[in-house]
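The values are calculated or read from the model by the stated rules, or taken from the named source; none is laboratory data. Predicted, not measured: the structure shown is a model, and the values here were computed from it. Positions of Cβ are backbone-derived with ideal geometry, glycine not excepted, and every protein chain shown enters the neighbour counts. Heads up: the accessible areas ignore ligands, DNA and RNA and are worked out on the full protein's heavy atoms, side chains in. Shrake-Rupley method; radii C 1.70, N 1.55, O 1.52, S 1.80 Å.
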Amino acid sequence: MLKIGDIEMKNQVVLAPMAGICNSAFRLTVKEFGAGLVCAEMVSDKGIVLQNDRTLDMLYIDEREKPLSLQIFGGEKETLVKAAQYVDQNTNADIIDINMGCPVPKITKCDAGAKWLLDPNKIYEMVSAVVDAVEKPVTVKMRMGWDEEHIFTIENAQAVERAGGKAIALHGRTRVQMYEGEANWDIIRDVKQAVNIPVIGNGDVQTPQDAKRMLEETGADGVMIGRAALGNPWMIYRTVKYLQTGELMGEPTAREKIDVSILHLDRLIALKNEHIAVREMRKHAAWYLKGIRGNATVRNAINESSTRDQLVGVLTNFADEAEMNEEKTHQAG
Ligand SMILES: Cc1cc2nc3c(=O)[nH]c(=O)nc-3n(C[C@H](O)[C@H](O)[C@H](O)COP(=O)(O)O)c2cc1C
């Protein structure tokens, strides 16, 4: 089982941190689909230290989401430590995670995110400083390296362990790769063999079978799922079930997808406000509808909706149509 510090997860399936996605509304929904651990979107250390209102709003956690890992990013020791202390003392997060994987130039040019991967000594120094300053367990999420010429994955992972980090989540790509190519799972196995703290494997897990294969091939303690869960919390449920029983559950119906998307929308409205939530929900709605026949016909209507009633109307009508189509296909078959 996956255990980080004293915190025991009920299973090995972890929702990946995703900026602009993993707020409390989405996390709680995914949690209800059985995730063992949910990760929050990355939060700026400087935003926390400067007590920026929007940053502080990102620290909200519903008790029902727990156990939860809250990720911070930064490039300087002083602000990173202060931000970690704030999260430690003022939030109900269970774990403090440090981002060492973000490839975006805006982040790496501040010496944050994946930039750390070039310097195991910096990793040791920064992680030690955070570990010493807080009570909660500290973990790190990293990519395997900066580019093909600078792969220090093992040194970096060992630096995290020596510094007192309690787990490592590893995405098997370099920073330069961004999301191109295939994630390298061999490096996850190598890291698992090189450290004694739990390792969570990440990258390209698209199906419950992929999750099982990753765990088997790498020996990782947990499996982290990102993009495959977008608009698809069933991916988490189906993976948990498959790992526990070997049973592969069916895909949800169009009605089920739309019902959950409306629940997600209502949680977003409660978290932010209707105006922001409806706009933010547009991308999620497109993901929820992925794979349902005829979904392209409602895309414009979704993107033109600006109130809850409009968006729910579009989604519900589409669910009615999809249900009729499903029935027709059923009868024809
Ligand atoms: C939209 C998006 C936002 C992301 N934001 C973060 C983030 O805030 N912190 C982080 O460590 N990784 C972030 N990632 C990377 C994911 O956590 C994960 O490592 C990556 O998507 C690979 O996993 P997957 O193949 O299961 O999607 C993000 C990925 C996506 C697609």
Table column - 3J(HN,Hα) (Hz), region 290-305, Karplus curve with 6.51, -1.76, 1.60, x for Gly and Pro: 3, x, 8, 4, x, 5, 5, 6, 9, 4, 4, 4, 5, 6, 8, 6
Quarter of the Cα convex hull surface for the chain, i.e. its orientation-mean projected area (nm²): 16.9 nm²
Please enumerate, by chain and number, the aspartates and glutamates with C-alpha under 14 Å from the C-alpha of Lys122, excluding those fewer than 8 residues away in the same chain. Glu76, Glu78, Asp111, Glu155, Glu161
Distance between region 89-151 and region 266-300 - C-alpha centres, whole angstrom: 32 Å
³J(HN,Hα) computed for each position of region 11-16 - Karplus, 6.51 cos²θ - 1.76 cosθ + 1.60, integer Hz, glycine/proline x: 7, 9, 9, 10, 7, 5
Based on the Cβ-Cβ distance of Ile154 and Asp259, what FRET efficiency does E = 1/(1 + (r/R0)^6) give at R0 = 51 Å, to the nearest 0.05? 0.65
Modelled label reach - His330, point 7 Å along Cα→Cβ, region 245-259 residues with backbone N closer than 17 Å: 250-259
What accessible area per residue, rounded to a whole number of Å², is obtained for region 31-70 using a probe radius of 1.4 Å? 45 Å²
Can you list the HN-Hα couplings for region 317-323, worked out from phi with the Karplus curve (6.51, -1.76, 1.60; θ = phi - 60°), rounded to whole Hz and with x for Gly and Pro? 4, 5, 4, 4, 4, 4, 5
For the pair Asp132 and Leu248, what calculated FRET efficiency results from E = 1/(1 + (r/R0)^6), where r is the Cβ-Cβ distance and R0 = 35 Å, to the nearest 0.05? 0.15
By a straight-distance test (C-alpha under 18 Å), which lysines pair with Lys283 as possible cross-link partners, with residues fewer than eight away in the same chain excluded? Lys257, Lys272
Ranked output for segments 153-166, 51-64, 174-187 by mean other Cβ atoms within 10 Å, highest leading, reads 153-166, 174-187, 51-64
Accessible surface of the chain, 1.4 Å probe, proportion on carbon and sulfur as whole %: 48 percent
Have a look at the DSSP beta bridges in the chain and tell me what percent are antiparallel, nearest 5. 10 percent
Based on the Cβ-Cβ distance of Asp62 and Met1, what FRET efficiency does E = 1/(1 + (r/R0)^6) give at R0 = 22 Å, to the nearest 0.05? 0.40
Yeah, region 141-263 with a ≥ b ≥ c from its alpha-carbon gyration tensor (a/c under 1.5 is rounded, else prolate when a/b outruns b/c, oblate otherwise) is prolate
For the chain, what is the mean residue ellipticity at 222 nm derived from helices alone (per DSSP H run of n ≥ 4: -39500 (n - 2.57); sum divided by total residues; nearest 500 deg cm²/dmol)? -14500 deg cm²/dmol
Which order do peptides 39-50, 80-91, 314-325 fall in by mean Cβ count within 10 Å, highest first? 39-50, 80-91, 314-325
Once the piece of chain linking Lys283 and Ala296 is laid out straight, how much longer is it, given 0.36 nm per residue of separation minus the C-alpha distance between them? 3.4 nm
Helix 234-245: inclination vs the chain longest Cα principal axis, degrees, rounded to 10, gives 70 degrees
Order by protection proxy (mean Cβ within 10 Å, highest first), peptides 236-244, 144-152, 10-18: 10-18, 236-244, 144-152
